[in-house]
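Here is the structure we will look at.
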Amino acid sequence: MDKGKWLRAGERIDDLQCGGYELIQQPERFCFGVDAVLLAHYATIKEGDRVLDLGTGTGVIPILQCARNKRASFVGLEIQEDSADMASRSVSMNGLNDRIQIVNGDIKEVASLFDAASFQVVTSNPPYMVKGDGLINGTEPKTIARHEILCTLNDVVSAASRMLKQNGRFYMIHKPFRLPEIISVMLSYHIEPKELRMVHPYVDKEPSMVLIGGVKGGRPRMKVAPPLILYKDKQIYSDEVYRIYNK
């Protein structure tokens, strides 16, 4: 198959090394990182689930989850038109149109895009930095992906709560320094934090990311899992991360 027909100027096709799937990316815009891979693996998807990925970017999380969950369906919501277009082409290139739908739209307008309480699972790898914090990248798509310019933590959790069925599951990856705010916002929208796992770059370093899961209308009780260590040596992933990458 001539895969070049799927590409636009400046784009490339990357092998996801999972289920034989590939992803169209534009390095000048934004490329997915290990955080997307960890979240796709972390979220529990059951047979027959309908899953919404908020801020799907180029669709990497739904595509990775398709490889692991053969009987679930996925919707990826993305506000940036170019990213949504790349995601749609990746879905078509992988022959997944019957399982993944990409929607170009705003998280803040989710109520007008989908029926309320119509998903069993919502995932999100949202912008981590509050607008004005950290170094601002001059490339707008990268800035939007990393900073709360077009949506905030509150927007993401509010949308998740609205879209989830009762007892539906919400999974997110974020930064540990915002954990008190994350838990507070989740509780304010009736999503009970149920599980948490810190992600450390090395065993002797403080965590750089946090994986968190919650249940809409769930009862209070949270499980804290053992830490996930990314690297066992410089540029060498830990055994667990290699397993997550299916290597």
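The values are calculated or read from the model by the stated rules, or taken from the named source; none is laboratory data. Every value quoted in this text rests on a predicted model; they were computed, and no experiment measured them. Positions of Cβ are backbone-derived with ideal geometry, glycine not excepted, and every protein chain shown enters the neighbour counts.
General observations
- Screening G19, G76 for residues that are under 26 Å from R243 (Cβ atoms) and assigned to a strand (DSSP E or B) leaves exactly one candidate, G76.
- Comparison of S112, S73 shows that the only residue that is over 17 Å from the mean Cα position of the chain (by Cα) and either of a type in the set (G, A, S) or buried (at least 16 other Cβ atoms within 10 Å of the Cβ) (or both) is S112.
- Qualifying residue in the range 185-206 (condition: aromatic (F, W, Y) and over 15 Å from V34 (Cβ atoms)): yes
- Criterion: of a type in the set (D, E) and farther than 28 Å from R50 by Cα - qualifying residue of D233, D155: D233
- When V241 is tested against the conditions (1) free of Cβ contacts under 8 Å to residues at least 40 places away in the same chain; (2) assigned to a helix (DSSP H, G or I); (3) surrounded by 14 or more Cβ atoms within 10 Å (Cβ to Cβ), the lone failure is (1).
- In summary, P226 fulfils each of the numbered conditions (1) in a strand (DSSP E or B); (2) touching a strand residue (DSSP E or B) at 6+ places or on another chain (Cβ under 8 Å) with the single exception of condition (1).
- Exactly one residue among K194, K205, K223, K232 is surrounded by fewer than 19 Cβ atoms within 10 Å (Cβ to Cβ), modelled with pLDDT of 95 or more and in contact with a helix residue (DSSP H, G or I) (Cβ under 9 Å, 6 or more places away or on another chain), and that residue is K232.
- Scanning the range 154-192 for residues being more than 17 Å from R219 (Cβ to Cβ), among the charged types (D, E, K, R) and under 16 Å from the mean Cα position of the chain (by Cα) gives a total of 2.
- Flag if S88 is among the polar types (S, T, N, Q) and surrounded by fewer than 21 Cβ atoms within 10 Å (Cβ to Cβ): no
- For the residues I102, I61, the requirement of being surrounded by 24 or more Cβ atoms within 10 Å (Cβ to Cβ), part of a helix (DSSP H, G or I) and not charged (D, E, K, R) singles out I61.
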